[in-house]
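Where a number appears in this text, it was derived from the coordinates with a stated rule and is not lab data. Keep in mind it's a predicted model, so treat the numbers as computed, not measured. Glycine also receives a Cβ, built like all others from the backbone with ideal geometry; neighbour counts cover every protein chain displayed.
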Amino acid sequence: MLRIITRYLRLYKAFLFQSLKEDMTYRSNFLTLVVMDIGLVSISVILFKVIYGHVNTIAGWTFHQSIILIGTVGIVREMAYLTFRRGFLELGNHIRTGTFDIFMVRPIASNLHLAMRHLSLSESLGEGITGIVLVVYGILHLNNWSWISFPLYILLLFNSLMVYYGFSLIINSIVFWVVRSQELNTIIYFFMETSRYPADIYRGIGKVIFTFIIPIGIIATVPASALTGRLGWDFAILSLIIGISFLGIGLFVWKMSIEHYSSASG
Amino acid sequence: MKKYITLFHINWQNSLQYRFSLFVYIGGYSLYIGVLLYLWSAIYSEGQSVGNYTLSQLTTYYILQLMINSIIFSYVSWDVIDNIKTGNFSNFLTKPLDYYMYWFTINISGKMLESIFIIITAGIISFFVSDYISFPEHLSTKLYFLAAVILGIILAFELDFCIGMITFWLTQVRTFKYMLQTMILFFAGAMLPLDLFPPVLTKAAEFLPFRYLVYFPISIYLGKIENPLPSFGILIVWILIFFILSRVLMSRGIKRYEAVGA
């Protein structure tokens, strides 16, 4: 087990350096992407600011607590781009043109190879940086912040990444059954966009759907709740169970769907 | 005219192939609107309110926005950019088709199916929140709304076409386009009604053409504008301005065109 992990870490490092080289070839593009990300995040901050110009709290969340939510989404997105996100954006192309064959014949798990082949530092670097800045800014305005919540926050960030990965695996597996569908990633885009809002806004059936089925409510709200001191142990553990389940289901669905793959090349 | 009708027909049949993509897109966007509806009802259930909107006005605003995003907004510039970048544009130079009219036809016929789906989707969502939907009382309001939507389709296409034309000058146009598109959505009132913005931004939005894409038709629908006729006048002026701009950019662009990759 340990040997497998070190092997993948070594591969990850090699792939990361390779993609860094690619990114650096188009330096001006790199800069535009960073500027654009900062612009897009600013717009969500402005939107929240406008709403908070009319109300004091949203489902109990103050403006500065909501800033932590926006920042957390940015950090999770950055983590995703450093691991798996862009692989899924390219998946449709690979399947249509038949280049997905490569991922089937290499001695690495296909989902991990797909992920590592398309690591991207540039695509959400701006969002990652602003994410950290926003979280720190939000924390500085909290009254009841303690260092103890910090390790829990980090742990829950990884949990959110797991949920995000599992959800992406499930949604993107559809591509093996319905070949033309780059649009599947629109669902994932909206999934992340809407995770900015505190999950406490959901009531009744919405609460069930957005926690267990489309787990928007886990991504940002759970880690940010840990920082803002509103997360109970029971819900923290439930979130971890949801994270592991999503990853498990995602891997299972992926494995099933890959068997349905028929090469388009040759 | 006949050739454009044929084109319309062919593209309509093409778009039928992408039914699945459409479902996916509409699913994703409905998710987004659904979450916003939860957001507003959470705010109002705490006894707070947003500007001079009632909860049912806000709900109606976002459901109409869901429809407008499909019916009014044009997204053909992605294809225009591809077309110019790959050099396929050269084919058009030899055909008796007007490039502007070509994409206008593609835009309208590509939207037909999407519009039908989105109206059904909006109907389903409205059913669940039927207590919070308001309908206009007067027939004139409905007619004004319809007119605003039709003019909005034209203006949205012109803006989108102009963005596509930038490809002649800038090769890395995609990022730029994405930024412009977000700005347009912001100042159109697609994310939040414009009169909720701080005064500076509301004022800025008044001088921009984008408000006519989302905020204007919905405000008519909600009965927030007593006499929309002067605004219609300004809208038509904007349509003319961007029509001329589209033609100028196109003819200048063709002179610059280098037929990359062809």
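Quick notes on this one:
- In plain terms, the bigger the Kirkwood radius, the slower the diffusion; for the protein assembly as shown, with that radius from Cα pairs, at 10 °C and 1.306 mPa s, Stokes-Einstein puts D at 64 µm²/s.
- Convex hull of alpha carbon positions in segment B:104-232: directionally averaged projected area 9.9 nm².
- Reported to the nearest whole Å, the Cα centre-to-centre distance from segment B:209-243 to segment B:52-67 is 18.
- Folded to 0 to 90 degrees: helix B:2-17 orientation relative to chain B principal axis, Cα: 60
- Those aspartates and glutamates that a straight Cα-Cα span of less than 20 Å connects to residue A:21, excepting residues fewer than 8 apart in one chain: A:78, A:90, A:123
- Candidates A:115, A:65, A:219 compared by Cα position along the dipole of segment A:12-258: farthest toward the positive end lies A:115, with charges placed on Cβ.
- Using only alpha-carbon positions in segment B:2-256, the gyration tensor eigenvalues give semi-axes of 33, 21, 17 Å once each is multiplied by 5 and square-rooted (largest first).
- Each residue of chain A gets 147 Å³ once the volume of the Cα convex hull is shared out per residue.
- Cα centroid separation, segment A:226-248 to segment A:115-137 (Å): 23
- Lys/Arg +1, Asp/Glu -1 at C-beta; segment B:2-256 dipole; positive extreme among B:96, B:236, B:17: B:96
- Counting only trypsin sites (Lys or Arg not before Pro) that DSSP places in a loop and that have at most 16 other Cβ atoms within 10 Å, the longest clean stretch of chain A runs over A:1-179.
- Among A:5, B:249, B:65 the positive-end extreme of the charge dipole of the protein assembly as shown (Cβ point charges): A:5
- Equivalent ellipsoid semi-axes - Cα gyration tensor, segment B:11-91, angstrom: 38, 14, 10
- Degrees, to the nearest 10: A:149-173 long Cα axis against longest axis of chain A: 40
- Cα long-axis angle, helix B:99-128 against chain B (0 to 90 degrees, to the nearest 10): 20
- Cα-centred dipole magnitude for the protein assembly as shown, charges only on beta-carbon of K, R (+1) and D, E (-1), debye, nearest 20: 1140
- Fluctuation leader among B:73, B:92, B:117 - chain B, Gaussian network, Cα springs under 10 angstrom: B:92
- Inter-chain Cβ neighbour count for A:204-210, averaged per residue, equals 2 (cutoff 10 Å, partner chain atoms only).
- Inter-chain neighbour count for A:184-191: the average number of beta-carbon atoms from partner chains within 10 Å of each residue's beta-carbon is 5.
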